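A.B. asks: Please see the structure below; I have some questions.
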Amino acid sequence: MTDRSLLMRLENVTKKFGGLIALRGVDLQITSGRVHGLLGANGAGKSTLIKIISGAYAATSGQIYWRGGAVSWSSPRDANDSGVATIHQHIPLVSTLSVLENVFLAAPGFWRQSLEMRERFDVICERVGYSLNPDALVGDLRIGARQMVAIFQALGSGADLIVMDEPTASLATEERELVYRAVRRLTQGENKAILFVSHFLDEIIALTDEVTVLRDGQAVLRAETKDLDESKIAEAIVGRRLAAMETTSQGRSLEQLKVLPELLELRELGSPGKLQPISLKLRAGEVLGIAGLLGSGRSELLHAIFGADADATGDVVLRGKTLRRSTSAAVKAGIALVPEDRMRQGLVPGFEIWRNTTLPALKGVSAAGVIPIELKERERALDAIQRLSIKAQSPDVPVMELSGGNAQKVTIAKWLYSNVDVFLLDEPTAGIDVGAKADILMLVRKLASEGKAVIVVSSEFEELIAACDRILVMRDGRCIAERSVASTSEHELILLASGHTVAQTAA
Ligand SMILES: Nc1ncnc2c1ncn2[C@@H]1O[C@H](COP(=O)(O)OP(=O)(O)OP(=O)(O)O)[C@@H](O)[C@H]1O
Ligand SMILES: [Mg+2]
(Lines give C-alpha, C1' and ligand atoms only; values in the text may rest on other atoms or scores of the structure.)
(Ligands and ions follow the chains in the order given, each with its own letter.)
Protein backbone atom coordinates (compact mmCIF):
# COMPACT_ATOMS: atom_id res chain seq x y z
CA MET A 1 0.00 0.00 0.00
CA THR A 2 1.51 3.28 1.06
CA ASP A 3 5.20 3.66 1.50
CA ARG A 4 6.18 4.35 5.08
CA SER A 5 9.44 6.19 5.06
CA LEU A 6 11.27 7.94 7.83
CA LEU A 7 10.90 11.65 7.09
CA MET A 8 12.44 13.34 10.07
CA ARG A 9 14.69 12.29 12.89
CA LEU A 10 15.68 14.38 15.88
CA GLU A 11 18.76 13.31 17.75
CA ASN A 12 19.62 14.52 21.24
CA VAL A 13 17.98 17.93 20.79
CA THR A 14 18.48 20.39 23.63
CA LYS A 15 17.17 23.92 23.93
CA LYS A 16 18.12 26.47 26.55
CA PHE A 17 16.58 29.87 27.14
CA GLY A 18 19.20 31.55 29.28
CA GLY A 19 19.34 29.44 32.41
CA LEU A 20 16.12 27.60 31.64
CA ILE A 21 16.44 24.23 29.96
CA ALA A 22 13.30 23.71 27.87
CA LEU A 23 14.42 20.51 26.08
CA ARG A 24 16.93 17.95 27.27
CA GLY A 25 18.34 15.52 24.73
CA VAL A 26 15.11 14.69 22.91
CA ASP A 27 15.03 11.98 20.22
CA LEU A 28 12.02 11.78 17.92
CA GLN A 29 11.17 10.04 14.66
CA ILE A 30 8.47 11.05 12.22
CA THR A 31 7.27 8.68 9.54
CA SER A 32 5.17 9.43 6.47
CA GLY A 33 1.59 8.20 6.49
CA ARG A 34 1.46 8.28 10.29
CA VAL A 35 0.10 10.57 12.98
CA HIS A 36 2.61 11.11 15.76
CA GLY A 37 1.08 12.43 18.98
CA LEU A 38 3.16 14.77 21.12
CA LEU A 39 2.03 15.23 24.70
CA GLY A 40 3.15 16.77 27.93
CA ALA A 41 2.09 19.06 30.75
CA ASN A 42 1.91 22.83 30.29
CA GLY A 43 5.48 23.98 29.92
CA ALA A 44 6.89 20.52 29.15
CA GLY A 45 8.50 21.74 25.92
CA LYS A 46 6.09 20.72 23.16
CA SER A 47 5.86 24.10 21.43
CA THR A 48 9.58 24.65 21.81
CA LEU A 49 10.24 21.35 20.06
CA ILE A 50 7.84 22.32 17.31
CA LYS A 51 9.49 25.68 16.83
CA ILE A 52 12.81 23.89 16.36
CA ILE A 53 11.31 21.47 13.85
CA SER A 54 9.74 24.34 11.95
CA GLY A 55 12.91 26.41 11.79
CA ALA A 56 11.66 29.17 14.09
CA TYR A 57 14.23 28.41 16.80
CA ALA A 58 17.70 26.94 16.51
CA ALA A 59 18.44 24.05 18.85
CA THR A 60 21.15 24.76 21.41
CA SER A 61 22.62 21.35 20.58
CA GLY A 62 21.58 18.15 18.83
CA GLN A 63 20.82 17.33 15.22
CA ILE A 64 17.82 17.22 12.89
CA TYR A 65 17.77 14.88 9.91
CA TRP A 66 15.30 15.43 7.10
CA ARG A 67 14.89 12.63 4.55
CA GLY A 68 18.14 11.17 5.82
CA GLY A 69 20.28 14.30 5.55
CA ALA A 70 21.42 16.56 8.37
CA VAL A 71 19.75 19.97 8.17
CA SER A 72 19.98 23.18 10.10
CA TRP A 73 17.20 25.45 9.04
CA SER A 74 17.73 29.06 9.89
CA SER A 75 14.17 30.26 9.31
CA PRO A 76 10.60 28.96 9.00
CA ARG A 77 10.96 29.72 5.30
CA ASP A 78 13.78 27.16 4.99
CA ALA A 79 11.76 24.47 6.73
CA ASN A 80 8.73 25.30 4.66
CA ASP A 81 10.65 25.14 1.40
CA SER A 82 11.90 21.69 2.41
CA GLY A 83 8.35 20.47 3.04
CA VAL A 84 7.49 21.18 6.68
CA ALA A 85 4.38 23.24 7.37
CA THR A 86 3.48 24.26 10.89
CA ILE A 87 0.27 25.38 12.49
CA HIS A 88 1.35 27.14 15.65
CA GLN A 89 -0.51 27.18 18.94
CA HIS A 90 -1.60 30.77 18.44
CA ILE A 91 -2.88 30.99 14.92
CA PRO A 92 -1.17 33.91 13.23
CA LEU A 93 -3.87 34.74 10.72
CA VAL A 94 -4.54 38.22 9.41
CA SER A 95 -8.08 39.01 10.43
CA THR A 96 -8.47 41.89 7.98
CA LEU A 97 -7.68 39.69 4.99
CA SER A 98 -9.92 37.15 3.28
CA VAL A 99 -9.73 33.41 3.75
CA LEU A 100 -8.13 33.02 0.31
CA GLU A 101 -5.54 35.70 1.01
CA ASN A 102 -4.63 34.08 4.29
CA VAL A 103 -4.30 30.62 2.81
CA PHE A 104 -1.84 31.84 0.18
CA LEU A 105 -0.21 34.55 2.27
CA ALA A 106 3.24 33.14 1.74
CA ALA A 107 2.77 32.33 -1.92
CA PRO A 108 4.45 34.77 -4.28
CA GLY A 109 2.02 37.27 -5.77
CA PHE A 110 -0.83 36.21 -3.52
CA TRP A 111 -2.49 39.58 -3.80
CA ARG A 112 -3.21 38.99 -7.43
CA GLN A 113 -5.79 36.43 -6.37
CA SER A 114 -5.47 34.71 -9.64
CA LEU A 115 -7.96 32.21 -10.88
CA GLU A 116 -5.30 29.61 -10.31
CA MET A 117 -5.35 30.30 -6.58
CA ARG A 118 -9.09 29.87 -6.42
CA GLU A 119 -8.69 26.57 -8.19
CA ARG A 120 -5.98 25.48 -5.78
CA PHE A 121 -8.23 26.57 -2.94
CA ASP A 122 -11.05 24.39 -4.23
CA VAL A 123 -8.68 21.46 -4.44
CA ILE A 124 -7.71 21.94 -0.79
CA CYS A 125 -11.38 22.07 0.25
CA GLU A 126 -11.83 18.80 -1.56
CA ARG A 127 -8.76 17.19 0.00
CA VAL A 128 -9.77 18.13 3.51
CA GLY A 129 -13.46 17.50 2.99
CA TYR A 130 -14.45 20.92 4.30
CA SER A 131 -15.57 23.95 2.38
CA LEU A 132 -14.91 27.52 3.32
CA ASN A 133 -15.98 30.71 1.63
CA PRO A 134 -12.71 32.02 0.12
CA ASP A 135 -13.94 35.61 0.25
CA ALA A 136 -15.04 35.69 3.88
CA LEU A 137 -12.99 37.92 6.16
CA VAL A 138 -10.99 35.81 8.59
CA GLY A 139 -11.88 38.20 11.40
CA ASP A 140 -15.54 37.30 10.98
CA LEU A 141 -14.99 33.55 11.29
CA ARG A 142 -15.62 31.41 14.33
CA ILE A 143 -12.57 29.95 15.97
CA GLY A 144 -13.24 26.50 14.47
CA ALA A 145 -13.32 27.87 10.95
CA ARG A 146 -10.19 29.89 11.62
CA GLN A 147 -8.46 26.69 12.67
CA MET A 148 -9.44 25.19 9.33
CA VAL A 149 -7.99 28.24 7.53
CA ALA A 150 -4.71 27.54 9.31
CA ILE A 151 -4.84 23.93 8.13
CA PHE A 152 -5.58 25.07 4.59
CA GLN A 153 -2.64 27.45 4.84
CA ALA A 154 -0.33 24.60 5.78
CA LEU A 155 -1.64 22.57 2.84
CA GLY A 156 -1.30 25.49 0.44
CA SER A 157 2.46 25.11 0.64
CA GLY A 158 2.46 21.45 -0.40
CA ALA A 159 4.24 20.14 2.70
CA ASP A 160 4.92 16.47 3.49
CA LEU A 161 5.10 16.97 7.24
CA ILE A 162 2.35 18.99 8.86
CA VAL A 163 2.90 19.99 12.44
CA MET A 164 -0.17 20.93 14.45
CA ASP A 165 0.26 22.51 17.87
CA GLU A 166 -3.00 21.97 19.79
CA PRO A 167 -5.27 22.42 16.78
CA THR A 168 -8.31 21.30 18.74
CA ALA A 169 -7.73 23.05 22.07
CA SER A 170 -10.46 25.66 21.64
CA LEU A 171 -12.80 23.67 19.46
CA ALA A 172 -16.18 22.15 20.22
CA THR A 173 -16.72 18.45 19.62
CA GLU A 174 -18.13 18.87 16.12
CA GLU A 175 -15.38 21.25 15.08
CA ARG A 176 -12.81 18.79 16.36
CA GLU A 177 -14.29 16.12 14.13
CA LEU A 178 -13.48 18.31 11.13
CA VAL A 179 -9.85 18.43 12.15
CA TYR A 180 -9.73 14.65 12.69
CA ARG A 181 -11.21 14.04 9.29
CA ALA A 182 -8.65 16.33 7.69
CA VAL A 183 -5.84 14.55 9.55
CA ARG A 184 -7.03 11.11 8.48
CA ARG A 185 -7.40 12.12 4.87
CA LEU A 186 -3.93 13.58 4.79
CA THR A 187 -2.18 10.61 6.36
CA GLN A 188 -4.18 7.71 5.01
CA GLY A 189 -5.09 9.23 1.65
CA GLU A 190 -2.00 11.27 0.84
CA ASN A 191 0.74 9.63 2.91
CA LYS A 192 1.56 12.87 4.71
CA ALA A 193 3.13 12.77 8.16
CA ILE A 194 1.46 14.66 10.96
CA LEU A 195 2.87 15.68 14.31
CA PHE A 196 -0.14 16.36 16.49
CA VAL A 197 -0.04 18.08 19.88
CA SER A 198 -3.01 17.77 22.18
CA HIS A 199 -4.07 17.65 25.81
CA PHE A 200 -7.11 15.51 24.99
CA LEU A 201 -6.13 11.94 25.73
CA ASP A 202 -9.19 10.47 24.04
CA GLU A 203 -8.34 12.05 20.72
CA ILE A 204 -4.70 11.01 21.02
CA ILE A 205 -5.85 7.42 21.45
CA ALA A 206 -8.33 7.63 18.59
CA LEU A 207 -6.24 9.56 16.11
CA THR A 208 -2.54 8.82 16.49
CA ASP A 209 -0.38 5.87 15.49
CA GLU A 210 2.44 6.55 17.90
CA VAL A 211 3.05 8.80 20.86
CA THR A 212 5.89 10.72 22.49
CA VAL A 213 5.41 12.23 25.94
CA LEU A 214 7.63 15.05 27.17
CA ARG A 215 8.10 15.80 30.82
CA ASP A 216 10.25 18.74 31.92
CA GLY A 217 11.86 18.76 28.51
CA GLN A 218 12.66 15.06 28.39
CA ALA A 219 11.04 12.37 26.27
CA VAL A 220 9.78 10.03 28.98
CA LEU A 221 7.56 7.79 26.90
CA ARG A 222 7.74 6.65 23.29
CA ALA A 223 5.30 3.95 22.17
CA GLU A 224 2.82 2.70 19.62
CA THR A 225 -0.62 4.06 20.48
CA LYS A 226 -2.15 0.60 20.29
CA ASP A 227 -0.04 -0.43 23.29
CA LEU A 228 -1.28 2.48 25.41
CA ASP A 229 -4.38 3.64 27.20
CA GLU A 230 -5.39 7.00 28.63
CA SER A 231 -4.20 6.30 32.14
CA LYS A 232 -0.76 5.15 31.00
CA ILE A 233 -0.35 8.36 29.02
CA ALA A 234 -1.63 10.51 31.88
CA GLU A 235 0.82 8.89 34.23
CA ALA A 236 3.71 9.65 31.88
CA ILE A 237 2.57 13.27 31.51
CA VAL A 238 2.32 14.11 35.18
CA GLY A 239 4.91 11.67 36.44
CA ARG A 240 2.59 10.07 38.94
CA ARG A 241 -0.66 8.21 39.05
CA LEU A 242 -3.57 10.54 38.50
CA ALA A 243 -6.82 9.92 40.31
CA ALA A 244 -9.91 10.04 38.14
CA MET A 245 -11.37 13.54 38.03
CA GLU A 246 -12.99 13.94 41.40
CA THR A 247 -16.36 15.48 41.74
CA THR A 248 -15.32 18.61 43.50
CA SER A 249 -18.94 19.66 43.75
CA GLN A 250 -21.43 17.75 45.79
CA GLY A 251 -23.88 19.15 43.28
CA ARG A 252 -26.15 21.10 45.56
CA SER A 253 -29.82 20.48 44.98
CA LEU A 254 -32.13 23.25 43.82
CA GLU A 255 -33.57 23.27 47.37
CA GLN A 256 -30.14 23.93 48.84
CA LEU A 257 -29.44 26.67 46.32
CA LYS A 258 -32.57 28.53 47.33
CA VAL A 259 -31.02 29.74 50.58
CA LEU A 260 -28.23 31.59 48.75
CA PRO A 261 -28.80 35.30 48.10
CA GLU A 262 -29.80 36.30 44.59
CA LEU A 263 -27.10 38.13 42.66
CA LEU A 264 -27.65 38.19 38.93
CA GLU A 265 -30.82 38.08 36.93
CA LEU A 266 -31.27 37.82 33.18
CA ARG A 267 -34.61 39.13 31.99
CA GLU A 268 -35.44 37.97 28.50
CA LEU A 269 -31.81 38.43 27.47
CA GLY A 270 -31.48 37.65 23.78
CA SER A 271 -29.85 38.63 20.53
CA PRO A 272 -31.59 38.55 17.15
CA GLY A 273 -30.48 35.59 15.07
CA LYS A 274 -28.10 34.34 17.75
CA LEU A 275 -29.85 33.93 21.05
CA GLN A 276 -33.49 33.35 21.92
CA PRO A 277 -34.50 35.36 24.99
CA ILE A 278 -33.38 33.66 28.19
CA SER A 279 -34.49 34.48 31.72
CA LEU A 280 -32.70 33.11 34.74
CA LYS A 281 -31.56 33.94 38.23
CA LEU A 282 -28.13 33.22 39.60
CA ARG A 283 -27.30 33.19 43.27
CA ALA A 284 -24.12 34.29 45.00
CA GLY A 285 -22.13 31.12 45.60
CA GLU A 286 -23.68 29.22 42.73
CA VAL A 287 -21.86 27.59 39.82
CA LEU A 288 -23.98 27.38 36.71
CA GLY A 289 -22.78 25.28 33.79
CA ILE A 290 -23.75 25.83 30.17
CA ALA A 291 -23.65 22.65 28.12
CA GLY A 292 -23.98 22.99 24.39
CA LEU A 293 -22.33 22.09 21.11
CA LEU A 294 -20.89 24.30 18.42
CA GLY A 295 -23.25 27.12 17.50
CA SER A 296 -25.57 26.41 20.41
CA GLY A 297 -25.31 30.02 21.57
CA ARG A 298 -23.27 29.35 24.69
CA SER A 299 -20.54 31.92 24.00
CA GLU A 300 -23.13 34.32 22.66
CA LEU A 301 -24.95 34.11 25.98
CA LEU A 302 -21.80 35.03 27.88
CA HIS A 303 -21.10 37.92 25.51
CA ALA A 304 -24.62 39.23 25.94
CA ILE A 305 -24.33 39.09 29.74
CA PHE A 306 -20.99 40.89 29.53
CA GLY A 307 -22.50 43.73 27.49
CA ALA A 308 -20.34 42.82 24.51
CA ASP A 309 -23.25 42.30 22.13
CA ALA A 310 -24.57 45.62 20.85
CA ASP A 311 -27.64 43.97 19.33
CA ALA A 312 -28.70 42.28 22.55
CA THR A 313 -32.23 42.74 23.85
CA GLY A 314 -33.59 42.33 27.36
CA ASP A 315 -31.86 43.13 30.61
CA VAL A 316 -28.97 42.06 32.79
CA VAL A 317 -29.76 42.91 36.40
CA LEU A 318 -27.05 42.79 39.07
CA ARG A 319 -28.15 43.18 42.70
CA GLY A 320 -31.42 44.65 41.55
CA LYS A 321 -29.84 47.22 39.23
CA THR A 322 -30.19 47.03 35.46
CA LEU A 323 -26.79 47.33 33.78
CA ARG A 324 -26.01 49.65 30.93
CA ARG A 325 -25.15 47.58 27.85
CA SER A 326 -21.39 47.96 27.65
CA THR A 327 -18.41 45.89 28.67
CA SER A 328 -17.00 48.73 30.75
CA ALA A 329 -20.27 48.94 32.70
CA ALA A 330 -20.13 45.19 33.24
CA VAL A 331 -16.53 45.28 34.48
CA LYS A 332 -17.32 48.22 36.74
CA ALA A 333 -20.29 46.39 38.20
CA GLY A 334 -18.10 43.37 38.96
CA ILE A 335 -18.58 41.00 36.02
CA ALA A 336 -15.55 39.34 34.44
CA LEU A 337 -15.37 37.41 31.18
CA VAL A 338 -12.57 34.98 30.43
CA PRO A 339 -13.20 34.55 26.71
CA GLU A 340 -12.92 31.41 24.63
CA ASP A 341 -10.39 33.01 22.36
CA ARG A 342 -7.77 34.10 24.88
CA MET A 343 -5.26 35.63 22.54
CA ARG A 344 -7.72 38.06 21.02
CA GLN A 345 -8.61 39.58 24.35
CA GLY A 346 -6.69 38.96 27.33
CA LEU A 347 -3.05 39.53 27.77
CA VAL A 348 -0.32 42.03 27.00
CA PRO A 349 2.40 39.62 25.82
CA GLY A 350 5.33 41.94 26.44
CA PHE A 351 4.30 42.63 30.04
CA GLU A 352 5.53 40.58 32.97
CA ILE A 353 3.16 38.16 34.67
CA TRP A 354 2.66 40.58 37.56
CA ARG A 355 1.71 43.46 35.31
CA ASN A 356 -0.83 41.26 33.52
CA THR A 357 -2.40 39.82 36.67
CA THR A 358 -3.07 43.27 38.02
CA LEU A 359 -4.33 44.92 34.85
CA PRO A 360 -8.03 44.90 35.78
CA ALA A 361 -7.41 45.52 39.47
CA LEU A 362 -5.10 48.48 39.48
CA LYS A 363 -7.35 50.32 41.90
CA GLY A 364 -6.85 47.78 44.66
CA VAL A 365 -3.10 48.08 44.59
CA SER A 366 -2.94 51.84 44.14
CA ALA A 367 -1.93 54.38 46.70
CA ALA A 368 -5.07 56.51 46.93
CA GLY A 369 -6.25 54.66 43.86
CA VAL A 370 -3.74 56.37 41.61
CA ILE A 371 -0.22 54.98 41.60
CA PRO A 372 0.09 51.21 41.47
CA ILE A 373 2.38 49.85 44.13
CA GLU A 374 4.63 47.39 42.41
CA LEU A 375 5.40 45.37 45.50
CA LYS A 376 1.78 44.47 46.09
CA GLU A 377 1.29 43.63 42.44
CA ARG A 378 4.20 41.24 42.53
CA GLU A 379 2.88 39.62 45.69
CA ARG A 380 -0.42 38.97 43.96
CA ALA A 381 1.30 37.52 40.92
CA LEU A 382 3.31 35.23 43.17
CA ASP A 383 0.09 34.11 44.82
CA ALA A 384 -1.48 33.48 41.39
CA ILE A 385 1.55 31.45 40.31
CA GLN A 386 1.05 29.20 43.34
CA ARG A 387 -2.73 28.99 43.23
CA LEU A 388 -2.91 28.03 39.58
CA SER A 389 0.43 26.21 39.49
CA ILE A 390 1.71 28.46 36.71
CA LYS A 391 5.09 27.18 35.54
CA ALA A 392 7.28 30.26 35.64
CA GLN A 393 10.51 31.13 37.36
CA SER A 394 9.21 34.40 38.79
CA PRO A 395 6.46 37.02 38.44
CA ASP A 396 8.92 38.99 36.31
CA VAL A 397 8.79 36.60 33.36
CA PRO A 398 7.08 38.27 30.39
CA VAL A 399 3.90 36.43 29.43
CA MET A 400 5.21 35.82 25.91
CA GLU A 401 7.89 33.57 27.38
CA LEU A 402 5.32 31.33 29.04
CA SER A 403 4.01 28.17 27.45
CA GLY A 404 0.51 28.42 25.95
CA GLY A 405 -1.26 26.72 28.83
CA ASN A 406 0.54 28.76 31.43
CA ALA A 407 -0.34 31.98 29.62
CA GLN A 408 -3.99 30.87 29.73
CA LYS A 409 -3.79 30.46 33.45
CA VAL A 410 -2.65 34.08 33.62
CA THR A 411 -5.82 35.17 31.78
CA ILE A 412 -7.84 33.56 34.53
CA ALA A 413 -5.57 34.84 37.31
CA LYS A 414 -5.97 38.33 35.93
CA TRP A 415 -9.47 38.53 37.34
CA LEU A 416 -8.91 36.86 40.68
CA TYR A 417 -7.75 39.96 42.49
CA SER A 418 -10.21 42.50 41.22
CA ASN A 419 -13.63 43.18 42.64
CA VAL A 420 -15.43 40.55 40.66
CA ASP A 421 -18.70 39.03 41.84
CA VAL A 422 -19.73 37.22 38.69
CA PHE A 423 -17.26 35.17 36.67
CA LEU A 424 -18.12 34.19 33.12
CA LEU A 425 -15.68 31.47 32.08
CA ASP A 426 -15.71 30.31 28.48
CA GLU A 427 -13.91 26.95 28.23
CA PRO A 428 -11.63 27.64 31.20
CA THR A 429 -9.71 24.38 30.83
CA ALA A 430 -8.98 24.62 27.10
CA GLY A 431 -5.26 24.06 26.59
CA ILE A 432 -4.75 23.11 30.23
CA ASP A 433 -2.97 19.79 30.84
CA VAL A 434 -4.59 16.79 32.54
CA GLY A 435 -2.77 17.41 35.79
CA ALA A 436 -3.92 21.02 36.13
CA LYS A 437 -7.52 20.66 34.92
CA ALA A 438 -8.70 19.59 38.34
CA ASP A 439 -6.93 22.64 39.85
CA ILE A 440 -8.96 24.96 37.66
CA LEU A 441 -12.20 23.22 38.56
CA MET A 442 -11.25 23.39 42.21
CA LEU A 443 -10.64 27.11 41.81
CA VAL A 444 -14.13 27.49 40.38
CA ARG A 445 -15.57 25.78 43.47
CA LYS A 446 -13.43 27.96 45.69
CA LEU A 447 -14.69 31.14 44.06
CA ALA A 448 -18.23 29.94 44.69
CA SER A 449 -17.48 29.17 48.30
CA GLU A 450 -16.27 32.76 48.64
CA GLY A 451 -19.71 33.91 47.54
CA LYS A 452 -19.01 34.59 43.88
CA ALA A 453 -21.37 33.47 41.16
CA VAL A 454 -19.77 31.58 38.29
CA ILE A 455 -21.08 30.66 34.86
CA VAL A 456 -18.93 28.06 33.09
CA VAL A 457 -19.19 27.09 29.45
CA SER A 458 -17.50 23.82 28.56
CA SER A 459 -17.53 21.28 25.77
CA GLU A 460 -16.46 18.70 28.32
CA PHE A 461 -19.65 17.84 30.08
CA GLU A 462 -17.78 15.66 32.53
CA GLU A 463 -16.12 18.82 33.80
CA LEU A 464 -19.40 20.62 34.17
CA ILE A 465 -20.68 17.77 36.27
CA ALA A 466 -17.55 17.93 38.39
CA ALA A 467 -17.72 21.67 39.03
CA CYS A 468 -21.31 22.93 38.79
CA ASP A 469 -24.47 22.97 40.86
CA ARG A 470 -26.88 23.47 38.02
CA ILE A 471 -26.56 23.00 34.27
CA LEU A 472 -28.41 24.64 31.42
CA VAL A 473 -28.38 22.87 28.10
CA MET A 474 -28.37 25.05 25.01
CA ARG A 475 -29.13 24.16 21.44
CA ASP A 476 -29.67 26.37 18.38
CA GLY A 477 -29.42 29.55 20.43
CA ARG A 478 -32.00 28.42 22.95
CA CYS A 479 -31.96 27.11 26.44
CA ILE A 480 -33.69 23.75 26.10
CA ALA A 481 -33.25 22.11 29.50
CA GLU A 482 -32.17 22.75 33.03
CA ARG A 483 -30.82 20.10 35.38
CA SER A 484 -29.36 20.05 38.84
CA VAL A 485 -26.05 18.22 38.70
CA ALA A 486 -27.34 15.65 41.16
CA SER A 487 -30.10 14.68 38.73
CA THR A 488 -28.21 14.36 35.45
CA SER A 489 -25.32 12.54 33.80
CA GLU A 490 -22.76 13.21 31.10
CA HIS A 491 -24.69 10.85 28.86
CA GLU A 492 -27.97 12.71 29.30
CA LEU A 493 -26.29 16.07 28.63
CA ILE A 494 -24.76 14.78 25.40
CA LEU A 495 -28.11 13.50 24.24
CA LEU A 496 -29.87 16.75 25.11
CA ALA A 497 -27.20 18.98 23.58
CA SER A 498 -27.13 17.00 20.34
CA GLY A 499 -30.88 17.02 19.94
CA HIS A 500 -31.85 13.50 20.95
CA THR A 501 -34.55 13.25 23.52
CA VAL A 502 -33.81 10.83 26.29
CA ALA A 503 -37.10 9.06 25.78
CA GLN A 504 -36.25 8.34 22.14
CA THR A 505 -33.01 6.59 22.97
CA ALA A 506 -34.52 4.68 25.84
CA ALA A 507 -37.09 3.22 23.45
N1 LIG B 1 10.90 32.47 24.16
C2 LIG B 1 11.07 31.93 25.37
N3 LIG B 1 11.88 32.50 26.28
C4 LIG B 1 12.08 31.95 27.50
N5 LIG B 1 11.48 30.83 27.92
C6 LIG B 1 10.65 30.21 27.06
C7 LIG B 1 10.40 30.72 25.76
N8 LIG B 1 9.53 29.90 25.13
C9 LIG B 1 9.25 28.92 26.01
N10 LIG B 1 9.92 29.09 27.17
C11 LIG B 1 9.88 28.21 28.33
O12 LIG B 1 10.18 26.88 27.92
C13 LIG B 1 9.38 25.93 28.61
C14 LIG B 1 8.61 25.07 27.62
O15 LIG B 1 7.62 25.85 26.98
P16 LIG B 1 6.71 25.32 25.79
O17 LIG B 1 5.98 26.48 25.23
O18 LIG B 1 7.54 24.52 24.86
O19 LIG B 1 5.69 24.35 26.58
P20 LIG B 1 4.48 23.47 26.02
O21 LIG B 1 4.81 22.05 26.28
O22 LIG B 1 4.16 23.85 24.63
O23 LIG B 1 3.28 23.85 27.02
P24 LIG B 1 1.69 24.18 26.76
O25 LIG B 1 0.97 22.89 26.87
O26 LIG B 1 1.34 25.05 27.93
O27 LIG B 1 1.56 24.87 25.45
C28 LIG B 1 8.48 26.75 29.54
O29 LIG B 1 9.07 26.77 30.81
C30 LIG B 1 8.48 28.13 28.93
O31 LIG B 1 8.25 29.12 29.90
MG1 LIG C 1 2.55 24.83 23.73
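A.B. asks: Computing the accessible area with a 1.4 Å probe over protein heavy atoms, can you report the carbon and sulfur percentage for the chain? Mind dumping the intermediate values first?
C.D. replies: Working: 10790 of 21740 Å².
Within the chain, the accessible surface is 50 percent carbon and sulfur.
A.B. asks: So, one more: Under a 1.4 angstrom probe, counting protein chains only, how are His491, His88 ranked by accessible area, largest first? Could you put the intermediate results ahead of the total?
C.D. replies: Values: His491 125, His88 55 Å².
Result, largest first: His491, His88.
A.B. asks: Using a 1.4 Å probe and ignoring any ligands, DNA or RNA, find the accessible area of Met400 and quote it in Å² to the nearest 10.
C.D. replies: 130 Å²
A.B. asks: Using the heavy atoms of the protein chains and a 1.4 angstrom probe, tell me the accessible area per residue for the chain in square angstrom.
C.D. replies: Working: 21740 Å² over 507 residues.
Ligands and nucleic acids excluded, the result is 43 Å² per residue.
A.B. asks: Right, another one. Among DSSP beta bridges whose residues both lie in the chain, state the antiparallel percentage, nearest 5. Could you put the intermediate results ahead of the total?
C.D. replies: Numbers: 45 of 82 bridges.
Antiparallel bridges: around 55 percent, rounded to the nearest 5.
A.B. asks: May I pose another question? For the range 1-105, which chymotrypsin sites (Phe, Trp or Tyr not before Pro) are in a loop by DSSP, counting at most 12 other Cβ atoms within 10 Å? Please report the intermediate quantities before stating the final value.
C.D. replies: Values: sites: Phe17, Tyr57, Tyr65, Trp66, Trp73, Phe104; in loops: Tyr57, Trp73, Phe104.
Passing both the DSSP loop test and the Cβ count: no residue.
A.B. asks: Let me ask something else. Would you work out which of Leu115, Leu105, Ile204 lies farthest towards the positive end of the dipole of the chain? Charges go on Cβ: Lys and Arg +1, Asp and Glu -1.
C.D. replies: The residue sitting farthest along the positive end of the dipole is Leu105.
A.B. asks: If you add up the charges near Gly83, with Lys and Arg at +1 and Asp and Glu at -1, over every other residue whose beta carbon is less than 15 angstrom from its beta carbon, what do you get?
C.D. replies: Numbers: positive: Arg9, Arg67, Arg77, Lys192; negative: Asp78, Asp81, Asp160, Glu190.
Counting the neighbours of Gly83, the net charge comes to 0.
A.B. asks: Tell me the mean residue ellipticity at 222 nm calculated for the chain from its helices only (DSSP H runs of n ≥ 4, each -39500 (n - 2.57), averaged over every residue, nearest 500). Could you put the intermediate results ahead of the total?
C.D. replies: Values: 18 runs with 163 residues, N = 507.
Theoretical 222 nm ellipticity from helices: -9000 deg cm²/dmol.
A.B. asks: Can you give me the angle between helix 173-184 and the longest principal axis of the chain, using Cα atoms only, in degrees from 0 to 90, rounded to the nearest 10?
C.D. replies: 0 degrees
A.B. asks: Related question: Once the other residues with Cβ under 12 Å from the Cβ of Glu210 are scored (Lys, Arg +1; Asp, Glu -1), what is the net sum?
C.D. replies: Details: positive: Arg4, Arg34, Arg222, Lys226; negative: Asp209, Glu224, Asp227.
The answer is +1.
A.B. asks: Which angle between 0 and 90 degrees, to the nearest 10, do you get for helix 404-416 versus the longest principal axis of the chain when only C-alpha atoms count?
C.D. replies: Orientation of helix 404-416: about 20 degrees from the principal axis.
A.B. asks: May I pose another question? For the Cα atoms of the chain, what angle does the longest principal axis make with the long axis of helix 434-449, in degrees from 0 to 90, nearest 10?
C.D. replies: Helix 434-449 sits at roughly 10 degrees to that axis.
A.B. asks: Using Cα pairs under 8 angstrom and six or more residues apart, how large is the relative contact order of the chain, in percent? Write down the numbers at each step before the final one.
C.D. replies: Working: 1053 pairs, mean separation 81.4, N = 507.
Reported as a whole number, the value is 16 percent.
A.B. asks: Additional query: Could you order Asp135, Asp383 by accessible surface area, starting with the largest, using a probe radius of 1.4 Å?
C.D. replies: Asp135, Asp383
A.B. asks: Multiplying the sequence separation of Asp140 and Ser489 by 0.36 nm and subtracting their Cα-Cα distance, what value in nm do you get? Walk me through the numbers on the way to the answer.
C.D. replies: Values: separation 349, 0.36 × 349 = 125.64 nm, distance 3.51 nm.
Residue separation times 0.36 nm, minus the Cα-Cα distance, leaves 122.1 nm.
A.B. asks: Could you work out how far the C-alpha centroid of the range 404-465 sits from that of the range 129-201, in angstrom?
C.D. replies: 27 Å
A.B. asks: Report for the range 6-238 the percent antiparallel among DSSP-assigned beta bridges with both residues inside it, nearest 5. Walk me through the numbers on the way to the answer.
C.D. replies: Details: 23 of 41 bridges.
In the range 6-238, DSSP labels about 55 percent of beta bridges as antiparallel.
The values are calculated or read from the model by the stated rules, or taken from the named source; none is laboratory data. Small disclaimer: the values here were computed from a predicted structure and weren't measured. Glycine also receives a Cβ, built like all others from the backbone with ideal geometry; neighbour counts cover every protein chain displayed. For accessibility, only protein heavy atoms count, side chains too; no ligands or nucleic acids. Shrake-Rupley method; radii C 1.70, N 1.55, O 1.52, S 1.80 Å.
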